[in-house]
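Encoded as structure tokens, the structure appears first; notes follow it.
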Ligand SMILES: [Zn+2]
């Protein structure tokens, strides 16, 4: 590092005095869950009383994708813990 670029502790501290993180504002949704302000609720999908996210369809989609992923893994032979290939001798 060039001497010209060198900063002392005081200058570094002054610069970093503006870098503090602020905790996210969370408030209670009308469904009772905590949600972030200016964001749709993750549990009921509503924002300002209107339904923004179809949570039921999303849950169905996630389940379908998880199932498909699991079957793909099983067909490729990477998942071996749930199917018993070697039988115990006792
Ligand atoms: Zn909600």
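The values are calculated or read from the model by the stated rules, or taken from the named source; none is laboratory data. Note that the structure is predicted; figures quoted are calculated from it, not measured. Positions of Cβ are generated from backbone atoms using ideal geometry, with glycine treated the same way; all protein chains shown enter the neighbour counts.
Details
- Unique residue being surrounded by 10 or more Cβ atoms within 10 Å (Cβ to Cβ) and either at positive phi or in contact with a strand residue (DSSP E or B) (Cβ under 7 Å, 6 or more places away or on another chain) (or both) when the list is 40, 59, 24: 40
- Number of the condition not met by residue 62 [criteria: (1) within 16 Å of the ligand (Cβ to nearest atom); (2) at pLDDT 90 or above]: (1)
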